[in-house]
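Below is one structure, written out as structure tokens, with a few remarks after it.
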Amino acid sequence: MADFVQLCIAGVSIGAIYAMAAIGFVLLWQTSNTINFAQGEFVVLPAFAMVLFFVILKFPFVAAMLATVIVSTLLLGVGVKELLVTRLLKMGVLPLVIATIGLSLLIRYSLQQFWTPLALPFPAIFSREPIFLGTIVVSLEEIGNILFAAVVIALLQLFITRTKLGWAMQAVAQNRALASVLGINVARLVTITFVLNAALTAMAAILIAPVYLVKYDIGVGLGLKAFYAAIIGGFNQIRGALLGGLLVGVVETLSAAYISSHFRDAFALIILIAVLLLKPEGIWGVKEEWA
Amino acid sequence: MRSARLKLALLPTLLVLAAVSPASPQGVVKIPIVAEITGGGASVGAMWRDAVNLAVEDINKKGGILGMKLETSVQDTQTDPPTSVAVMRRVLNDKPFAVFGTVYSSSTVANMDIAKQAGVPQFTGSESIIITQKGNDNIFLTSFTQDTGMAKMVRWLLDDLKAEKIALVWVNNAFGKGGHDMFVQFLKERGKTPVVDISTEVQQADFTPELTKVRASGATHVMVYNHEEENARFMIQLRKMALTVEPVGETTLCAQTTITPAGAAVNGSRCHVGLTAGAPVPLMVDMNRRFQEKYNRVPDHNAFKGYIGVHMLKAAVQRVGSWDQAKVKACLHNNLFTTNEEAGLLMDLYVNEKGSLDRPSFIVEVKDGKSVVAKTVGMLGGPYNLRPCK
């Protein structure tokens, strides 16, 4: 039983990181109908930025975090939205999807070529000292990751449900044309969503860097799992992405422990296929009507 | 008239020489590097590439080999076995004298037959037993295969460490499977089996399930046999879970490329290693220093392998006395090469009939983020004879 609880905590800790990246997918889809296949690299780039500010330039942690979020929101938020999304979105979803795949390759191999192909160390944000709860051993890092992700997601939820900007985002998500008629500046809102996504992925990067280590290609698996998570939970609901992320994290951990490590990733895919067959809108998703 | 007849008589000889030797008339010999420059093995490939280039630079500075300069080019396999096959085909079109790479065993197993068909000697950083089991006389390893390494490893583990309950964690690819099979076989010969036998995946991020199994097994030692990056993550999580089991391993666990990202988590690990930057061998110390000066990082075992590989080629060509691929390959089998004749070998080595090596190795312990040599282990077999090749 102790092992089971410990595995669940580890799964939730990893799942919380998947959830943060998955929520980014949902945000972008809701406001701009964009599927960002560079989402994994949107986590990797801030991780490298954290290494630059925190490890190399020796900024204090909070300053490094702020600098990372600023760089991330400018480059991956405003930059990507203005240079890529605005120009391609009018051509439909597919060209933009292809462009984000290209962007992911560009970021990945630029980091590898111009920085390093090696895994870089990253100091733990939370202590790695084990905490003994009877026979269960957890680390402050796992608990810290879960709490940190919970706070970020809760703040995001508050922003979306309790602020005018959040309501406007919901309105755009529900009906872009009507939102525009009602005087909502859709283009500005899309930019804000990209900035939010970039900030979210920067936060995920801060959590993931000590666990995954900072390497140019860690975004590949992460982006894919976040994508599964968003589909499983519901591509149009933040709570769905949260559920999906946690589910993927816990299922892959438990299946590796109790069935086989070989099928770690397969079980997330099995759930994905089952959800697509039985409830295509996702466990907590809402059916969308297409005009 | 006499001159014309002489030219006519020499022509067939020249034609034969041209056919035998891929060395270009400009005095340059091509030795392309086929390595994991991108993808999961990029860190490994970078070490291999840089060390091969360093060796070539050293050799060229001293006038090359038999008056010929070496020339490298780098081809990326993307750490993908099918891509490595395509890259190998492309590289061989340029008629190189020898090929350096690949390092990942899964790639080498896939591409080694292509080099063999072309008759171009292949020097690899791979260690999998599967490579030498294929009976390919064209391939030369730059380190032990796993049968030599694991024989030494098991002997140390049981005789020196008195390990009673050993958990085995290994990466499920050609490298890991080969090592796993050899380790289990040598343990079995000593009447033991691992208390738990767990495979992992390349690029795996979370090892909590595996570590939970290790803890439940009651193991006293865990033999960690993954690639460096995964080892780093594994060790960080092992410490987080406060496992009291003693981590032991082969070269990859105590490699600098594991220690650097994992930091203090690797401290206390003990390994049997073929090559290490901390080896108290003057020639290795010197190579280590020059590698760091040039690339600003500590060379790992893959770097030493790449460096030694080029000097194996040099030693064989010099001993043959000509750029003849068939003779060089023959010379590189069942033969002892010493640092007296070629200092770049760093240590005396014996190449067996399968192209695998025997040479001294080391027991290291990671202390304060550095691999510290605790003991030097002699060659597994021998004494070996040095055979002339002319």
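Miscellaneous remarks
- For B:D181: the one exception among (1) of a type outside the set (K, R); (2) within 14 Å of chain A (Cβ to nearest Cβ); (3) touching a helix residue (DSSP H, G or I) at 6+ places or on another chain (Cβ under 8 Å): (2)
- Restricting attention to segment B:153-162, the residues that are surrounded by 15 or more Cβ atoms within 10 Å (Cβ to Cβ) and more than 14 Å from B:V224 (Cα to Cα) add up to 4.
- Some residue of segment A:199-213 being surrounded by fewer than 24 Cβ atoms within 10 Å (Cβ to Cβ), at negative phi and within 12 Å of chain B (Cβ to nearest Cβ): yes
- Meets criteria (more than 14 Å from chain B (Cβ to nearest Cβ), in contact with a Ser or Thr (Cβ under 6 Å, 6 or more places away or on another chain) and surrounded by fewer than 21 Cβ atoms within 10 Å (Cβ to Cβ)) for A:V195: yes
- Note on segment B:160-188: among residues that are farther than 12 Å from B:T200 by Cβ and β-branched (V, I, T), the one that is nearest to the chain's Cα centre (by Cα) is B:V184.
- Restricted to segment B:270-286, and to residues there that are among the hydrophobic types (A, V, I, L, M, F, W, C) and assigned to a strand (DSSP E or B), the residue that is surrounded by the fewest Cβ atoms within 10 Å (Cβ to Cβ) is B:C271.
- Screening A:P123 with (1) in contact with a Leu (Cβ under 9 Å, 6 or more places away or on another chain); (2) under 28 Å from B:T260 (Cβ atoms); (3) not hydrophobic (A, V, I, L, M, F, W, C) gives one miss only, at (1).
- Residue within segment B:268-290 that is among the acidic types (D, E), closer than 30 Å to B:G27 by Cβ and touching a helix residue (DSSP H, G or I) at 6+ places or on another chain (Cβ under 6 Å) present: no
- Filtering segment B:155-178 to residues that are assigned to a helix (DSSP H, G or I), in contact (Cβ under 8 Å) with a residue 40 or more places away in the chain and out of contact with any helix residue (DSSP H, G or I) (no Cβ under 8 Å at 6 or more places or on another chain) leaves B:W156, B:L157, B:D160, B:G176.
- Filtering segment B:191-242 to residues that are more than 7 Å from every other protein chain (Cβ to nearest Cβ) and assigned to a strand (DSSP E or B) leaves B:V196, B:D197, B:H221, B:V222, B:M223, B:V224, B:Y225.
- Options A:L158, A:L89; residue that is more than 14 Å from chain B (Cβ to nearest Cβ) and without any contact (Cβ under 8 Å) to a residue 12 or more places away in the chain: A:L158
- Near pairs, Cβ below 9 angstrom, 6+ apart or cross-chain, from segment A:1-12 (within 10 Å of another protein chain (Cβ to nearest Cβ)) to any residue that is among the basic types (K, R): A:D3/B:K213; A:D3/B:R215
- Checking each residue of segment B:2-24 against the condition of being out of contact with any His (no Cβ under 9 Å at 6 or more places or on another chain), closer than 30 Å to B:D300 by Cβ and either in a helix (DSSP H, G or I) or modelled with pLDDT of 50 or more (or both) gives no match.
- Extreme residue, farthest from A:V55 (Cα to Cα), among residues of segment A:98-124 that are exposed (fewer than 15 other Cβ atoms within 10 Å of the Cβ) and either more than 14 Å from chain B (Cβ to nearest Cβ) or within 18 Å of the chain's Cα centre (by Cα) (or both): A:I98
- Exclusive hit being without any contact (Cβ under 8 Å) to a residue 24 or more places away in the chain, in contact with a Phe, Trp or Tyr (Cβ under 6 Å, 6 or more places away or on another chain) and either crowded, with 24+ Cβ neighbours inside 10 Å or in a helix (DSSP H, G or I) (or both), set A:F53, A:F59: A:F53
- In the set (1) surrounded by fewer than 21 Cβ atoms within 10 Å (Cβ to Cβ); (2) more than 8 Å from every other protein chain (Cβ to nearest Cβ); (3) in a helix (DSSP H, G or I), B:G263 fails one condition alone, (2).
- Search result, residues across segment A:131-145 that are within 10 Å of another protein chain (Cβ to nearest Cβ) and crowded, with 18+ Cβ neighbours inside 10 Å: A:V137, A:V138, A:S139, A:E141, A:E142
- Total residues in segment B:239-260, condition farther than 18 Å from B:V373 by Cα, surrounded by fewer than 24 Cβ atoms within 10 Å (Cβ to Cβ) and touching a Lys or Arg at 6+ places or on another chain (Cβ under 8 Å): 4
- Taking (1) surrounded by fewer than 22 Cβ atoms within 10 Å (Cβ to Cβ); (2) touching a Lys or Arg at 6+ places or on another chain (Cβ under 7 Å) in turn, A:A266 satisfies each apart from (2).
- Residues of segment B:292-324 classified as under 17 Å from the mean Cα position of the chain (by Cα) and of a type in the set (F, W, Y), total: 2
- The listed residue being in contact (Cβ under 8 Å) with a residue 12 or more places away in the chain and farther than 25 Å from B:G101 by Cα, out of B:N385, B:N340, B:N335, B:N302: B:N385
- Scanning segment B:287-334 for residues that are among the charged types (D, E, K, R) and either in a helix (DSSP H, G or I) or crowded, with 20+ Cβ neighbours inside 10 Å (or both) turns up B:R289, B:R290, B:E293, B:K294, B:D300, B:K305, B:K314, B:R319, B:K327, B:K329.
- Close pairs (8 angstrom Cβ cut-off, 6 or more residues apart or separate chains): among the aromatic types (F, W, Y) in segment B:234-250, surrounded by fewer than 21 Cβ atoms within 10 Å (Cβ to Cβ) and at pLDDT 95 or above anywhere: none
- When segment A:217-249 is filtered for residues that are within 11 Å of chain B (Cβ to nearest Cβ) and hydrophobic (A, V, I, L, M, F, W, C), the ones remaining, listed by number, are A:I218, A:V220, A:L222.
- Qualifying residue in segment A:64-77 (condition: crowded, with 22+ Cβ neighbours inside 10 Å, of a type in the set (A, V, I, L, M, F, W, C), in a helix (DSSP H, G or I) and more than 14 Å from chain B (Cβ to nearest Cβ)): yes
- Failed criterion for B:E210 (all others in (1) under 20 Å from the mean Cα position of the chain (by Cα); (2) of a type in the set (D, E); (3) over 27 Å from B:A110 (Cα atoms) hold): (1)
- Verdict on A:A256 being crowded, with 24+ Cβ neighbours inside 10 Å, free of Cβ contacts under 8 Å to residues at least 40 places away in the same chain and closer than 30 Å to B:S199 by Cα: yes
- Checked against (1) more than 12 Å from chain A (Cβ to nearest Cβ); (2) modelled with pLDDT under 95, B:A255 passes all but condition (1).
The values are calculated or read from the model by the stated rules, or taken from the named source; none is laboratory data. Computed from a predicted structure; not experimentally measured. All Cβ positions, even for glycine, are placed from backbone atoms using ideal geometry, and neighbour counts span all protein chains on display.
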